[in-house]
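So the structure is just underneath, and the comments pick up after that.
The values are calculated or read from the model by the stated rules, or taken from the named source; none is laboratory data. The shown structure was predicted, so the numbers you read here are calculated from the model rather than taken from an experiment. Just so you know, the surface numbers come from the protein's heavy atoms only, side chains and all, with ligands and any DNA or RNA stripped out. Shrake-Rupley method; radii C 1.70, N 1.55, O 1.52, S 1.80 Å.
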Amino acid sequence: MALGIAERLVAEETLKMTICERCNTQEDTLVVRVFSKFFVASIMFFAFKKRVHIECISCKRMEKSIDSFPKRTQDRIEAVVGDAKHPWYLYSGYVIFFIIILISLVSK
Ligand SMILES: [Zn+2]
(Lines give C-alpha, C1' and ligand atoms only; values in the text may rest on other atoms or scores of the structure.)
Protein backbone atom coordinates (compact mmCIF):
# COMPACT_ATOMS: atom_id res chain seq x y z
CA MET A 1 0.00 0.00 0.00
CA ALA A 2 1.56 3.26 -1.08
CA LEU A 3 -1.04 5.76 0.05
CA GLY A 4 -3.91 5.46 2.45
CA ILE A 5 -5.13 4.90 5.98
CA ALA A 6 -4.18 1.81 7.98
CA GLU A 7 -4.35 0.68 11.55
CA ARG A 8 -2.48 -1.61 13.90
CA LEU A 9 -3.38 -3.24 17.21
CA VAL A 10 -1.29 -1.62 19.96
CA ALA A 11 -2.98 -2.78 23.16
CA GLU A 12 -5.24 -5.57 24.30
CA GLU A 13 -6.31 -5.71 27.92
CA THR A 14 -9.01 -7.33 30.02
CA LEU A 15 -10.66 -4.93 32.45
CA LYS A 16 -10.10 -6.20 35.97
CA MET A 17 -12.89 -6.14 38.54
CA THR A 18 -15.31 -4.77 36.01
CA ILE A 19 -18.69 -6.23 35.17
CA CYS A 20 -20.39 -5.93 31.81
CA GLU A 21 -23.70 -4.35 32.77
CA ARG A 22 -25.49 -6.06 29.89
CA CYS A 23 -24.90 -9.72 30.78
CA ASN A 24 -24.06 -8.92 34.41
CA THR A 25 -22.65 -12.40 35.10
CA GLN A 26 -19.04 -12.19 36.22
CA GLU A 27 -16.01 -9.93 36.29
CA ASP A 28 -13.17 -9.78 33.79
CA THR A 29 -15.23 -10.32 30.65
CA LEU A 30 -14.60 -6.97 28.97
CA VAL A 31 -11.66 -6.95 26.58
CA VAL A 32 -10.41 -3.57 25.39
CA ARG A 33 -8.45 -3.32 22.16
CA VAL A 34 -6.73 -0.15 21.07
CA PHE A 35 -5.66 0.43 17.48
CA SER A 36 -3.32 3.07 16.12
CA LYS A 37 -4.74 4.68 13.03
CA PHE A 38 -2.16 6.13 10.70
CA PHE A 39 -1.79 7.68 7.31
CA VAL A 40 0.65 5.94 4.98
CA ALA A 41 2.56 7.70 2.21
CA SER A 42 5.11 5.30 0.76
CA ILE A 43 7.57 4.60 3.62
CA MET A 44 6.28 7.45 5.78
CA PHE A 45 3.78 6.87 8.56
CA PHE A 46 1.73 9.51 10.30
CA ALA A 47 -0.09 8.33 13.42
CA PHE A 48 -3.11 10.55 13.99
CA LYS A 49 -5.60 8.86 16.28
CA LYS A 50 -6.51 5.82 18.33
CA ARG A 51 -9.50 3.62 17.77
CA VAL A 52 -10.98 1.61 20.59
CA HIS A 53 -12.96 -1.60 20.39
CA ILE A 54 -14.56 -3.23 23.43
CA GLU A 55 -15.80 -6.79 23.44
CA CYS A 56 -17.52 -8.79 26.17
CA ILE A 57 -16.38 -12.40 25.92
CA SER A 58 -19.43 -13.51 27.90
CA CYS A 59 -22.35 -12.00 25.93
CA LYS A 60 -20.34 -11.33 22.72
CA ARG A 61 -21.35 -7.71 22.81
CA MET A 62 -19.10 -5.43 20.77
CA GLU A 63 -18.86 -1.69 21.17
CA LYS A 64 -16.96 0.94 19.20
CA SER A 65 -17.65 3.74 21.61
CA ILE A 66 -17.03 4.02 25.33
CA ASP A 67 -20.23 6.05 25.65
CA SER A 68 -22.18 2.78 25.80
CA PHE A 69 -20.70 2.00 29.21
CA PRO A 70 -21.35 3.32 32.72
CA LYS A 71 -19.04 6.12 33.88
CA ARG A 72 -16.97 3.84 36.11
CA THR A 73 -16.26 1.45 33.21
CA GLN A 74 -15.54 4.38 30.87
CA ASP A 75 -12.80 5.58 33.23
CA ARG A 76 -11.13 2.16 33.17
CA ILE A 77 -11.33 1.97 29.39
CA GLU A 78 -9.86 5.47 29.08
CA ALA A 79 -6.95 4.42 31.31
CA VAL A 80 -6.15 1.55 28.91
CA VAL A 81 -6.41 3.88 25.90
CA GLY A 82 -4.19 6.44 27.64
CA ASP A 83 -1.52 3.83 28.34
CA ALA A 84 -1.55 2.57 24.76
CA LYS A 85 1.12 4.43 22.80
CA HIS A 86 1.52 4.72 19.06
CA PRO A 87 4.62 2.70 18.03
CA TRP A 88 7.58 5.02 17.40
CA TYR A 89 7.83 4.15 13.71
CA LEU A 90 4.32 5.48 13.14
CA TYR A 91 5.82 8.94 13.67
CA SER A 92 8.47 8.46 10.95
CA GLY A 93 6.55 10.66 8.49
CA TYR A 94 6.62 13.64 10.88
CA VAL A 95 10.34 13.15 11.51
CA ILE A 96 11.16 12.93 7.80
CA PHE A 97 9.06 16.03 7.10
CA PHE A 98 10.76 17.94 9.90
CA ILE A 99 14.21 17.03 8.53
CA ILE A 100 13.23 18.07 4.99
CA ILE A 101 12.01 21.46 6.28
CA LEU A 102 15.13 21.87 8.38
CA ILE A 103 17.41 21.12 5.41
CA SER A 104 15.52 23.53 3.16
CA LEU A 105 15.83 26.29 5.79
CA VAL A 106 19.54 25.71 6.34
CA SER A 107 20.35 25.56 2.64
CA LYS A 108 18.83 28.98 1.93
ZN1 LIG B 1 -21.53 -8.93 28.55
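The mean accessible area for residues of the stretch 3-106, using a 1.4 Å probe and ignoring ligands and nucleic acids, is 62 Å² per residue.
Overall dimensions of the stretch 3-106, expressed as equivalent-ellipsoid semi-axes from the Cα gyration tensor (√(5λ), whole Å, largest first), are 37, 12, 9.
Hull volume per residue, based on the alpha-carbon atoms of the stretch 63-105 and their convex hull, is 105 Å³. Scalar couplings 3J(HN,Hα) for the stretch 15-20, obtained by applying the Karplus form with A = 6.51, B = -1.76, C = 1.60 to θ = phi - 60°, are 6, 7, 6, 10, 9, 6 Hz; x denotes Gly and Pro. Solvent exposure of Val106, expressed as accessible area, is near 120 Å², computed with a probe of 1.4 Å over the protein chains only. Backbone phi angles across the stretch 38-48, fed through the Karplus curve with coefficients 6.51, -1.76 and 1.60 (θ = phi - 60°), yield HN-Hα couplings of 9, 8, 10, 10, 6, 9, 9, 10, 10, 5, 10 Hz in residue order; Gly and Pro are listed as x. Within straight-line reach of Lys71, meaning a Cα separation under 14 Å, sit the following aspartates and glutamates at least 8 residues removed in sequence or on another chain: Glu21.
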